[in-house]
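Notes for the one structure printed next.
The values are calculated or read from the model by the stated rules, or taken from the named source; none is laboratory data. Model, not experiment: these values are computed from the prediction. Counting neighbours? That spans all protein chains shown, and the Cβs are built from the backbone with ideal geometry, glycine included. Protein only, heavy atoms only, side chains kept; ligands, DNA and RNA dropped before computing areas. Shrake-Rupley method; radii C 1.70, N 1.55, O 1.52, S 1.80 Å.
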Amino acid sequence: MRLLKRRPALPKKTRDKLASQKASLMKSQGPAGICEQRFDGARPRKWFVPVRETLKDMAGASQTCMFCDHNEPTDVEHFRPKTEFPNRTFSWGNMLWVCTTCNRQKGIQFPPHNCVGAPFIDPAIDEVWDYFFLDEFGNLIKRWDATHDAYDSRAQSTCDYVKIDRQEIQTDRKSVG
């Protein structure tokens, strides 16, 4: 993880289209799977291009995953999972640009809503260095919470479920550092 550019506004036409997609989805009140289907249908559309391009810009010059800061991102991830939060499926503030590995690791898990743990760190909102630091070898290290005599609970939860400290990333950071 790393500090990201603040989330800019999307063009009005794109914001309006996201709002209409959300309204349509909320009217349907169908099964949770409809969120995935509707979003999959929207992604290849021309009106959706500014969403991807703005997320890429937010990722910065390195163009790496907003979660692990390592792999090349290819997925628009929903910080709050579509199936658990259908009303957030087309919410701009709920979208991140991540690698497929992080997207699959996280899946529909979202503590404490549907699994055990502290809330995830949102790299588009939270100051990630309040929760992590890089050691002299480039390893991502969770900050220690002396009050609770444990690693910071949000950093721990993010690592447990999204695996942003997975070994292949730590190893690559060492070779670069």
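Brief remarks on what is shown
- Single condition THR89 does not satisfy, out of (1) more than 20 Å from LEU4 (Cβ to Cβ); (2) open to solvent by 10 Å² or more (accessible area, probe 1.4 Å); (3) in contact (Cβ under 8 Å) with a residue 12 or more places away in the chain: (2)
- In the stretch 142-163, the residue that is farthest from CYS102 (Cα to Cα) out of those that are open to solvent by 50 Å² or more (accessible area, probe 1.4 Å) and in contact with a Phe, Trp or Tyr (Cβ under 8 Å, 6 or more places away or on another chain) is TRP144.
- If you go through the stretch 115-157 and pick out every residue that is farther than 26 Å from THR171 by Cβ and hydrophobic (A, V, I, L, M, F, W, C), you end up with 6.
- Annotation for the stretch 132-151: no member residue is in a helix (DSSP H, G or I), of a type outside the set (A, V, I, L, M) and either under 12 Å from MET1 (Cβ atoms) or over 14 Å from the mean Cα position of the chain (by Cα) (or both).
Residue-wise test of (1) modelled with pLDDT of 90 or more; (2) exposed (fewer than 15 other Cβ atoms within 10 Å of the Cβ); (3) aromatic (Phe, Trp, Tyr); (4) assigned to a helix (DSSP H, G or I).
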{"residue": "LYS82", "(1), (2), (3), (4)": "yes, no, no, no"}
{"residue": "ARG104", "(1), (2), (3), (4)": "yes, yes, no, yes"}
{"residue": "PHE110", "(1), (2), (3), (4)": "yes, no, yes, no"}
{"residue": "ASP165", "(1), (2), (3), (4)": "no, no, no, no"}
{"residue": "GLN170", "(1), (2), (3), (4)": "no, no, no, yes"}
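- Taken over the stretch 1-45, the criterion of being closer than 22 Å to GLU72 by Cα, without any contact (Cβ under 8 Å) to a residue 12 or more places away in the chain and assigned to a helix (DSSP H, G or I) is satisfied by ASP40 alone.
- Among the candidates PHE133, PHE120, PHE110, residue that is aromatic (Phe, Trp, Tyr) and free of Cβ contacts under 8 Å to residues at least 24 places away in the same chain: PHE133
- Within the stretch 149-168, residues that are closer than 14 Å to GLY107 by Cα reach partners that are open to solvent by 40 Å² or more (accessible area, probe 1.4 Å) and in a helix (DSSP H, G or I) with beta carbons closer than 7 Å, at six or more positions or on different chains, in the pairs TYR161/GLN105; VAL162/GLN105; LYS163/GLN105.
- Filtering the stretch 17-60 to residues that are open to solvent by 70 Å² or more (accessible area, probe 1.4 Å), over 22 Å from ILE125 (Cβ atoms) and out of contact with any helix residue (DSSP H, G or I) (no Cβ under 9 Å at 6 or more places or on another chain) leaves LYS27, PRO31, GLU36, GLN37, PRO44, LYS46.
- Checked against (1) out of contact with any His (no Cβ under 9 Å at 6 or more places or on another chain); (2) small (Gly, Ala, Ser); (3) under 23 Å from ASN114 (Cα atoms), SER91 passes all but a single condition, namely (1).
- Hits in the stretch 92-102 - residues which are out of contact with any strand residue (DSSP E or B) (no Cβ under 6 Å at 6 or more places or on another chain) and either over 14 Å from PHE67 (Cα atoms) or open to solvent by less than 10 Å² (accessible area, probe 1.4 Å) (or both): TRP92, GLY93, CYS99, CYS102
- The stretch 46-71: number of residues that are without any contact (Cβ under 8 Å) to a residue 40 or more places away in the chain and aliphatic (A, V, I, L, M): 2
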